[in-house]
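Novice: Quick one: the structure is below, and I'll ask about it shortly.
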Amino acid sequence: MVFEYAPAPESRSVVDIRGSYGLFIDGEFVDGHGEPFKTINPADEAVLADVACADEADVDRAVKAARIAFERVWGPMPGAERAKYLYRIARIIQERSRELAVLESIDNGKPIRESRDVDVPLVAAWFFYYAGWADKLGHAGFGPDPKPVGVAGQVIPWNFPLLMLAWKIAPALACGNTVVLKPAETTPLTALLFADICRQADLPPGVVNIITGAGDTGRALVAHPGIDKVAFTGSTDIGRQIARTLAGTGKKLTLELGGKAANIVYADAALDQAVEGIVNGIFFNQGHVCCAGSRLLVQESVAEEVLERLKARMATLRVGDPLDKNTDIGAINSAAQLDKIRELSAASEQEGAGRWSPPCQLPDRGFWFAPTVFTGVAQSHRIAREEIFGPVLSVLTFRTPEEAVTKANNTPYGLSAGIWTEKGSQILWTAQRLRAGVVWANTFNKFDPASPFGGYKESGFGREGGRHGLEAYLNV
Amino acid sequence: MSERMTDRLAVRKTYKLYIGGAFPRSESGRSYPVTDTKDRFLANASHASRKDVRDAVTAARKAFGGWSGRTAYNRAQILYRIAEMLEGRRDQFITELRHTGASKTQAATEVDAAIDRWVWYAGWADKITTVTGAANPVSGPYFNFSTPEPTGVVAVVAPDSPLLGLVSVIAPAIVTGNTTIVIASEPAPLPAITLAEVLATSDLPGGVINILTGHRTELAPWLASHMDVNAIDLTGVAHEDRRDLEETAAGNLKRVHHPATTDWADDPGTARMTAFLETKTVWHPVGV
């Protein structure tokens, strides 16, 4: 007997997308002076809204508004009062959580199950967590009375639009800074809805400014002389450019960049759990995850068995409408990203790796890529070295723990890694040797505001989350 | 026949580089004269080259696994041993510092402070993890902890304070398990090489500290651009030269430490240690 899934679409009626959006500067939505751009639904390519583009003058206005708010209102405000604003924002996020989740899935393409159960709850948690730090900074280990840095310029990516906003804004505000934040050009809508939440919370004007635009807007923001601190999440190449831009300025910089995480499966692992972890590691959020477990390192003696179980599990993944509650894999965020995934996958075939995807009906419109696994991948293959940022897994094998560690560390990146084994001492031995900022053992892709996150080597520097996450926003 | 009284001819020391636990000359064969404050010749110092930089990075990388893998207690004992060896050569260092222009009292004060600084940092080896690590209360059935780990190979452009400043930049980098390549003070490089003799007899594994003498403006860019260097400390770099070096260092996203002016007599705090530490967070499910 074959069970079929009935469609289970989440209602769009909870969101009200306006025809056009301005920039959020000094508590008001205002026109931008760059060329407006359109944001689309990657699942059907329908235009969702026209969005203003900030030019240099707009960036300057936003930075000045943030400066005035920092000097007159937010900087001098007692931490306990700042805390209450952040708690209030956290509560409004919880109250409007379904609206945020649906809008996120429409603009980004991620499954509603993920935006509803992962992204938005973490967003609320992030504000709730950092709210509590605002009046306890003297106990955080950075001296008795640490001061804010000033105005933070923040640029975030399109893979977790609202969550990355929370990672940036919550600690910045808790520490007494004001912010100018630029969301990615393909996913601006939840940031603009967040601007509305700031107004609902009566957050003083200028404390949070949201400016939209593409690379030029971001460059103008990070290069603006009125910015005291830059925080960026995105590609390693752009991270390098920003580091060069800030060279010699003495400004604080934190970078959360790319990754090519190894997910190591030892022969004694609980294989069904490991397979779930492999699937979660690479297919969560369509693989648009900087810490995705895109390199599976499986011990040779169980490689065939793991691959067999993995393929069986992949065949059950449901690709399609992001708003369907049964969907596992949604739409690729943009045509440009789809091109990159296709190009790197084609190169991998040419380099001799074996390509496999389950039978999978993809929608006619929109941007889609079937879950894919490459076997017989060598360390020298591009697909083992370059971040693919899509639902594509490379499989490599190893014989000894030493070989696993050597292969895992054989990358300029160092953001995350996974370990699957039932042997506790082997977990700790391996975790100690992996040059990566986050190590998931017998789990993968877990995030929490109390837990520091960030990379080694070319995956960037600085930590977000936990007590460690305060340092970037304090003048210490 | 009467014995002719003569002054014994002193045996002069040749100041070389310190790479991988050995004292090689610069492969370039170059040297430069070092003089005291009255312009009297003291010695020729090695004038290191790009090749020496690369050899030093190779030595530092080779030493990293072993040094970072030692127990913190063991690293503490070795740093304390360095203090012991330095104490034993107190008079020698006072003499060397007097050549750099310090008065007898100043020189003695600086040597004492340098010895005490090794002792201070030695004690940090097995405490910095407690102070900067954390057990994180995540909202789910997971054990989650964060620990500091050394960044890796750290390049250090040492300040002109020839002993206390030098010790104050090296000790915090290595105590946590990093390995280093140090460019010594250009005008006063000799105490750095004498310090290398202390290091070589302190059970410090070869390659953990590598010391180069020569021209900063020539050597620092090679370290800033080296793809196997993980971090760079620009303390001894002139302010106007920092921008170019930072731009170069962005090539592999080196961690860059550029402190404001430092009074080496001040309490050092923990900033120089945390500048070259990464935070690793490990998750594991809790369950039966």
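The values are calculated or read from the model by the stated rules, or taken from the named source; none is laboratory data. Everything numeric in this text was worked out from a predicted model, so none of it was measured. Here Cβ is always computed from backbone atoms with ideal geometry, including for glycine, and neighbour counts include all displayed protein chains.
Novice: Across region A:167-189, what is the number of residues that are part of a helix (DSSP H, G or I) and either more than 23 Å from A:S451 (Cα to Cα) or free of Cβ contacts under 8 Å to residues at least 60 places away in the same chain (or both)? Write out each step before concluding.
Specialist: At the first step, the residues of region A:167-189 found to be part of a helix (DSSP H, G or I) are A:167-174, A:189.
If we keep only those that are either more than 23 Å from A:S451 (Cα to Cα) or free of Cβ contacts under 8 Å to residues at least 60 places away in the same chain (or both) too, we end up with A:169, A:189.
Of the residues in that region, 2 qualify.
Novice: Here's something else I'd like to know. Among the residues of region B:24-37, are any out of contact with any helix residue (DSSP H, G or I) (no Cβ under 7 Å at 6 or more places or on another chain), of a type in the set (V, I, T) and assigned to a strand (DSSP E or B)?
Specialist: Yes - at least one qualifying residue is present in region B:24-37.
Novice: Restricting to region A:399-421, give me the number of residues that are within 12 Å of another protein chain (Cβ to nearest Cβ), more than 16 Å from A:G259 (Cβ to Cβ) and assigned to a loop (DSSP other than H, G, I, E, B).
Specialist: Adding up the residues that qualify gives 1.
Novice: Among the numbered conditions (1) facing chain B (nearest Cβ under 7 Å); (2) within 28 Å of B:V286 (Cβ to Cβ), tell me where A:E458 comes up short.
Specialist: The failed condition is (2).
Novice: Report, by residue number, each residue of region B:275-288 that is surrounded by 15 or more Cβ atoms within 10 Å (Cβ to Cβ) and either facing chain A (nearest Cβ under 8 Å) or touching a helix residue (DSSP H, G or I) at 6+ places or on another chain (Cβ under 6 Å) (or both).
Specialist: B:F276, B:E278, B:T279, B:K280, B:T281, B:V282, B:W283, B:H284 - these are the residues of region B:275-288 that are surrounded by 15 or more Cβ atoms within 10 Å (Cβ to Cβ) and either facing chain A (nearest Cβ under 8 Å) or touching a helix residue (DSSP H, G or I) at 6+ places or on another chain (Cβ under 6 Å) (or both).
Novice: Now, a different point. Going through region A:249-266 one residue at a time, which ones are crowded, with 17+ Cβ neighbours inside 10 Å and either hydrophobic (A, V, I, L, M, F, W, C) or not in a strand (DSSP E or B) (or both)? If you could, list the steps in order and put the result at the bottom.
Specialist: Taking region A:249-266 as the starting set, the residues that turn out to be crowded, with 17+ Cβ neighbours inside 10 Å are A:251-266.
Once the filter is applied, which keeps residues that are crowded, with 17+ Cβ neighbours inside 10 Å and either hydrophobic (A, V, I, L, M, F, W, C) or not in a strand (DSSP E or B) (or both), region A:249-266 yields A:K251, A:L253, A:L255, A:L257, A:G258, A:G259, A:K260, A:A261, A:A262, A:I264, A:V265, A:Y266.
Novice: Only one of A:A243, A:A231, A:A220 is over 18 Å from B:E246 (Cα atoms) and either at pLDDT 95 or above or within 14 Å of another protein chain (Cβ to nearest Cβ) (or both). Can you tell me which? Break it down into steps so the answer makes sense when it comes.
Specialist: Numbers: A:A243 fails: over 18 Å from B:E246 (Cα atoms); A:A231 fails: over 18 Å from B:E246 (Cα atoms).
Of A:A243, A:A231, A:A220, the one residue that is over 18 Å from B:E246 (Cα atoms) and either at pLDDT 95 or above or within 14 Å of another protein chain (Cβ to nearest Cβ) (or both) is A:A220.
Novice: Out of everything in region A:435-451 that is within 8 Å of chain B (Cβ to nearest Cβ) and hydrophobic (A, V, I, L, M, F, W, C), what residue ends up being farthest from B:P141 (Cα to Cα)?
Specialist: Out of the qualifying residues, it is A:A436.
Novice: Quick check on B:G251: is it at pLDDT 95 or above, touching a helix residue (DSSP H, G or I) at 6+ places or on another chain (Cβ under 9 Å) and more than 20 Å from B:L277 (Cα to Cα)? Steps first, please.
Specialist: Details: at pLDDT 95 or above: yes; touching a helix residue (DSSP H, G or I) at 6+ places or on another chain (Cβ under 9 Å): yes; more than 20 Å from B:L277 (Cα to Cα): no.
So B:G251 fails the test.
Novice: Report, by residue number, each residue of region A:194-217 that is surrounded by fewer than 22 Cβ atoms within 10 Å (Cβ to Cβ) and within 20 Å of A:G109 (Cα to Cα).
Specialist: A:A214
Novice: Given (1) in contact with a helix residue (DSSP H, G or I) (Cβ under 9 Å, 6 or more places away or on another chain); (2) surrounded by fewer than 24 Cβ atoms within 10 Å (Cβ to Cβ); (3) of a type outside the set (K, R); (4) not assigned by TED's automatic domain parsing to the domain that holds A:D135, where does A:G462 come up short, assuming only one miss?
Specialist: Status for A:G462: all satisfied but (4).
Novice: Where in region B:188-265 are there strands (runs of 3 or more DSSP E), lying wholly inside it, with at least 1 residues that are away from every other protein chain (no Cβ under 13 Å) and not β-branched (V, I, T)? If you could, list the steps in order and put the result at the bottom.
Specialist: Working: elements: B:209-212, B:231-233, B:255-257.
Hits in region B:188-265: B:209-212, B:231-233.
Novice: If you don't mind, another one. Would you confirm whether or not region A:64-78 contains a residue that is within 27 Å of A:K136 (Cβ to Cβ), touching a residue at least 40 places away in the same chain (Cβ under 8 Å) and in contact with a Lys or Arg (Cβ under 9 Å, 6 or more places away or on another chain)?
Specialist: yes
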